[in-house]
Every structure is written in C-alpha cells, then in structure tokens.
Amino acid sequence: MRPGLFTRRRFLGLASAASGAAVLRCETVSAPRHARTASALVDVNVSLSQWPLRRLALSNTTGLVAKLRGNNVISAWAGTFDGLLHKDLAGVNARLTHECQRNGRGVLRPFGSINPMLPDWEEELRRCADEHRMPGIRLHPNYHGYSLSDPNFARLLKLAAERRLIVQLALVMEDERMMHPLLQARPVDTAPLAGLVKQMPSLRLVLLNALRTLRAKPLLDLIAAGNVFVEISMLEGIGGVGNLLQQVPSTRVLFGSHAPLFYFESSLFKLRESPLSDEQMRNIRAANARTLAAAFQRRTML
Amino acid sequence: MATRLNHWLWNEMEIWDLHCHLSGVPGNTPEARLDKLLEYADRFGVARLCVYMGMEWAYDPSPEKLRDDNDQVLRALKHRPDRVLGFVYLNPKHIEASLHELDRCVRDGPMVGVKLWVAQRCNTPELDPIIARATELKAVIFQHTWLKITGNLPGESTPMDLAELAARHPKAALICGHSGGDWERGLRAIRPCQNVYADLAGGDPTAGLTEMAVRELGAERVIYGSDIGGRSFASQLAKVYGAEIPQKTKALILGANLKRLLQPILKDKGIKA
Ligand SMILES: [Zn+2]
C-alpha cells in the first residue's frame with residue numbers, strides 16, 4: 001500500500017460514517033473491537049434545540065445522539081441554538097443541562113451560553129461551573145452584539161480561565177451571504193484576541209466555525225498566542241485538513257461537525273479526504289479534545 | 001485503489017462530479033493539477049469530473065483569456081479523457097468570440113457543456129444566440145447563480161434571471177449553479193422550469209439542502225457537484241450522503257442524472273460512459 005493511503009483498519013473506523021453503503025455497515029460491524037476504539041471521535045461542535053430559521057432533521061436530541069453514536073462519537077460538546085437569541089440564558093442553560101442528562105446517552109456534554117452584555121452575567125458563569133458542572137461555555141459575540149475589544153469580554157475570559165472552563169467562541173454560524181435579512185450576524189473580528197490570549201496563559205480557547213474567515217497569519221498568530229484550538233467544520237478547499245496541518249500543529253486541531261446545522265458527514269469525510277498520519281488522525285479525532293477535557297475533570301475532583 | 005474504495009464505500013453508485021475547476025489546486029500545469037484532483041477524487045471513488053475554467057479566473061474574460069482558459073481544459077481533457085468531461089467557458093459580452101469558442105471546443109472538439117459565470121446577467125438577450133447554438137449541439141449549459149444578501153457582483157446572475165432565460169429556451173438543458181446559493185429562495189425560483197437542474201455544489205453543507213431540492217424539484221432534477229478546488233469533495237459529497245433521502249435517490253444525484261443529461265452529446269461524440 002502506498003504511503004498516505006488508508007490502512008484497512010483506519011479505513012474501517014472512518015467508514016462507519018458512510019451510512020450510505022450497506023456493504024460498509026457489515027464490514028464495520030465485523031471490525032475488531034480495537035479498531036472501533038481507535039476510531040472514536042470527540043465532536044466539539046454540536047448544538048441542541050431549534051435553529052431559528054429552519055427545521056433541521058436532527059434538531060431533536062434523540063435523533064442527533066443516534067447519528068453521533070452511529071458514527072463512533074463518544075463525546076459531543078453541545079451548545080444550544082437557544083443561546084443565540086434568547087435573553088433568559090439562565091433558563092436556556094438549565095434546559096441544556098437537563099437535556100444532555102436526559103437524552104444525551106452519556107455522549108453529550110453541555111456548554112452553556114454566556115452573554116457578557118446582560119446584567120449579572122457573572123452569576124450565569126458561576127452556575128455553568130458550579131451548578132451545572134459544565135466543562136465549558138460557548139460565546140456568540142456577533143449575536144450578542146459586542147466586539148472582542150469590549151472590557152466585559154476580557155473579564156469573561158479571565159473569570160472563565162480562573163474557573164478552568166473551556167471557552168468556545170463561535171465566529172459565525174452560517175455563510176453571511178445567505179443570512180436572513182433581519183438577522184445578519186457578520187463574522188466576529190478576531191483582531192483583539194491574540195493580545196488577550198497572551199495575557200491569560202491558563203485560558204483554553206476553542207474557536208468554532210472559524211476557518212472560513214480566519215486564515216493565514218491572523219490564524220497562526222492566534223494559535224501561537226496561547227492555548228488556542230480550532231475545529232474543522234468550516235474548513236474548505238481540496239485536501240483542507242492536510243493543508244491546515246502544514247501550518248498548524250495537529251495538537252491544536254479538533255473534530256467539530258457543526259451538526260445538526262451542517263450535515264455531520266461533512267467533517268467526517270474531511271478526515272478521509274486528506275492523507276493523515278496515525279498521530280495526526282488520533283489527535284484530531286479525540287486525543288486533543290480529551291486532553292482539554294481532562295483539565296475539567298481535574299477541576300471537578302477538587 | 002480507486003476501484004477498491006469504490007467497492008467498499010461508494011460501491012452502489014458511480015459518482016460523476018458536475019462542478020470542478022483547475023484553480024485552487026496545487027500544480028503548475030493543467031495536467032499536474034488534474035492529476036492532483038484525481039488523487040483526491042480517488043479517495044472517494046469519484047469516477048468523472050466535469051472541468052471548466054482555467055488555472056486563474058477572470059470575472060469578465062477577454063476573448064484571448066477565454067481561449068487560454070479553454071485550452072487549459074482541453075489539455076486536461078487530453079491528459080485523462082477517461083476521467084474528464086470538459087465544459088467551454090464563454091462570455092456573453094463577446095458573442096462572436098463565444099460562438100467561435102463553442103464551435104472550436106464543442107462542435108469540433110471534445111467538450112460537452114458550456115460554462116457561464118459572472119460577466120453578464122443571464123436574463124439579457126445577448127445570451128440567446130449562445131444558448132440556441134449550444135442546444136443545437138446538445139451541450140448542457142451551466143450558469144453560475146447566487147442570491148447574496150450581502151450584494152451580488154454587477155454581472156452575477158440570480159436563479160430568477162435563469163428562470164427567465166429558461167422560459168425563452170424550453171429545449172435547452174440548463175443547470176442552476178449552487179442552486180442559487182441561498183437555496184431556499186433559489187430552488188423556488190427554478191421550481192416551475194422543467195428544463196432547469198439544480199447544482200448542489202459550492203455552498204456550505206447546510207442540512208436540508210438536498211432534501212428540499214428533491215422535495216421541490218423531484219429527484220431527477222438534482223445533481224451533485226463539488227466546486228473543487230475552492231471547496232472539498234468531503235463537504236459536498238456529505239450533502240448527498242448525509243441527506244435523509246432514499247438510496248436510489250442518492251444514486252440519481254451522484255451520477256445517474258448527469259449521465260442521462262449528457263447522454264445525447266456523449267453518444268454523438270462516441271464517448272463511452
Ligand atoms: Zn465553481
């Protein structure tokens with residue numbers, strides 16, 4: 001077998017994605033147990049509840065979890081679409097936690113929404129950490145109406161880092177060319193971010209839906225600034241993951257699907273499109289996310 | 001390897017990709033870029049690539065630039081005639097030159113389709129002679145469309161423009177590029193036009209696109225394409241594999257529809273499919 005092509009074992013793992021092909025399902029089922037374990041995925045970018053502008057086939061938690069489990073996702077970091085526009089984020093985060101517990105089948109980990117423009121947001125952060133025992137939070141600056149140079153944002157990062165919460169920052173949710181005319185949320189400008197990150201060595205920051213707008217030097221500067229990670233849901237171009245890994249270490253790249261707004265298979269197939277080494281594949285599929293989440297587990301044991 | 005992957009993963013469907021480019025792909029020559037494209041295509045068992053436009057794009061190409069672009073596609077075609085189908089790139093602002101290119105590349109050459117991009121909106125009468133001639137030659141016509149809330153380019157067509165064109169040319173086989181980008185509006189715009197097909201390529205892999213296209217147009221009017229190298233095979237194939245539609249519908253979208261649409265011209269040219 002030529003270098004760069006899939007080994008049979010790795011192929012079988014990846015291929016459980018191809019819900020399309022009957023032959024494949026048989027092969028996956030008969031794959032040895034160790035092959036299935038090696039192919040486990042952590043999806044750091046899923047969302048529960050209803051996308052405000054469209055009914056999605058997997059917007060019910062049960063369906064989404066079945067899709068994830070069917071593709072070997074052992075853990076999925078779940079925010080909620082309600083966090084984009086609802087103002088009662090206390091209610092939103094409580095429901096998210098409850099839904100992950102009730103219908104998550106051990107796969108879903110809640111990431112609560114915090115809006116630092118709302119009064120008493122610090123209490124929200126406290127609840128996410130202490131009451132809901134979330135591994136992290138998810139931020140949507142472009143839906144919540146603040147720029148990253150806002151002092152409240154810096155304070156939020158600082159408090160989250162102190163609580164050892166993973167911070168997920170979504171740069172955009174959908175292509176700005178096709179947004180609803182009354183809901184045009186332009187991608188977040190990340191220019192102030194590298195400076196902030198440098199001042200907070202304990203911050204762990206995961207950029208979601210970032211790789212369409214954040215590229216080249218601004219991306220590299222941000223990665224170099226601290227514990228900054230990106231996921232691949234909006235990564236495009238031929239052999240996209242391979243190209244990314246020529247610039248960014250594989251230890252900083254996570255698997256994210258942006259399901260159910262995106263077809264889950266998109267990110268999954270990206271791992272197939274680029275020839276990746278075993279180590280790169282392991283890091284992206286689960287190892288990096290597990291390392292990140294381990295810091296959270298240490299926090300809960302304290 | 002391609003065959004084996006085909007057998008394992010995509011074995012029930014022969015995949016044809018409606019929408020491929022030589023730009024955004026590594027390599028210094030059309031041949032090198034095509035080889036690279038095929039290397040990735042083989043990882044998903046994509047059998048045939050429809051290729052159009054050159055290694056560097058122009059919004060409003062001069063007659064010379066059109067010729068250069070088409071020559072590059074002809075080189076790619078010559079390099080791998082077993083894997084490539086070519087569409088000739090035309091500009092309605094240069095009608096004479098476009099008709100000449102159409103004759104050179106389709107009537108007298110191996111190409112099987114026409115590509116129109118963003119030089120001129122497609123509802124204008126300048127397109128009529130091009131569409132008429134292409135239809136005589138049994139070539140399919142791919143028209144880029146997009147409906148951008150952020151604003152279209154001056155010559156960029158909307159799906160509504162294409163619907164107007166289609167009404168004037170009921171015998172033409174027209175393809176609505178990107179399903180209009182904002183596909184929830186774009187698909188509606190082309191819904192009444194039975195001779196217009198939806199290209200799934202080039203937008204985000206937003207869940208629901210393929211299901212809506214099948215629901216509103218019927219499975220026979222929906223065609224898979226990637227818009228590679230700007231996009232990935234992965235995200236674009238996912239639109240079909242991830243869709244909640246029957247297997248046989250996926251097979252139509254991934255290859256059978258395009259094959260059927262091209263059959264008359266392939267037959268004329270003696271191209272075996
Ligand atoms: Zn294109």
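Just a few scattered comments:
- Mean Cα-pair separation over length for chain B, i.e. relative contact order, pairs under 8 Å, 6 or more apart, %: 17
- Accessible surface ranking that places the most exposed of B:Ile245, A:Ile114 first, with a 1.4 angstrom probe: B:Ile245, A:Ile114
- For region B:202-243, averaging the sequence separation of C-alpha pairs within contact (under 8 Å, six or more residues apart) and dividing by the residue count gives a relative contact order of 55 percent.
- Cα gyration tensor shape for region A:32-301, rounded if a/c is under 1.5, else prolate or oblate: rounded
- For chain A: relative contact order, % (alpha-carbon pairs under 8 angstrom, 6 or more apart): 18
- Here the average projected area of the convex hull drawn through the C-alpha atoms of chain B stands at 12.6 nm².
- The Kirkwood radius of region A:223-302, taken over pairs of alpha-carbon atoms, gives through the Stokes-Einstein law at 37 °C and 0.692 mPa s a diffusion coefficient of 246 µm² s⁻¹.
- Average beta carbon contacts from partner chains per residue of A:264-277, 10 Å cutoff: 6
- Sorting A:Arg164, B:Arg107 on solvent-accessible area from highest to lowest, probe radius 1.4 Å, gives B:Arg107, A:Arg164.
- Under the span-like rule (Cα at least 18 Å along the axis, Kyte-Doolittle mean at least -0.5), DSSP H helices of chain A: A:288-301
- For A:Lys67, the shell of other residues with beta-carbons less than 13 Å away shows a net charge of -1, using +1 for Lys and Arg and -1 for Asp and Glu.
- Quotient of Cα Rg and 2.2 N^0.38 Å for the protein assembly as shown, N being how many residues it contains: 0.98
- Reported to the nearest whole Å, the Cα centre-to-centre distance from region B:185-252 to region A:109-147 is 37.
- For A:Ile137, the shell of other residues with beta-carbons less than 10 Å away shows a net charge of +1, using +1 for Lys and Arg and -1 for Asp and Glu.
- Other residues whose C-beta falls under 11 angstrom from the C-beta of B:Arg67 contribute a net charge of -3, scoring Lys and Arg +1 and Asp and Glu -1.
The values are calculated or read from the model by the stated rules, or taken from the named source; none is laboratory data. None of these values were measured; they are calculated from a predicted model. In this analysis, Cβ positions are derived from the backbone assuming ideal geometry, glycine residues included, and neighbour counts consider all displayed protein chains. In case anyone asks, the SASA skips ligands and DNA or RNA and just uses the protein heavy atoms, side chains included. Shrake-Rupley method; radii C 1.70, N 1.55, O 1.52, S 1.80 Å.
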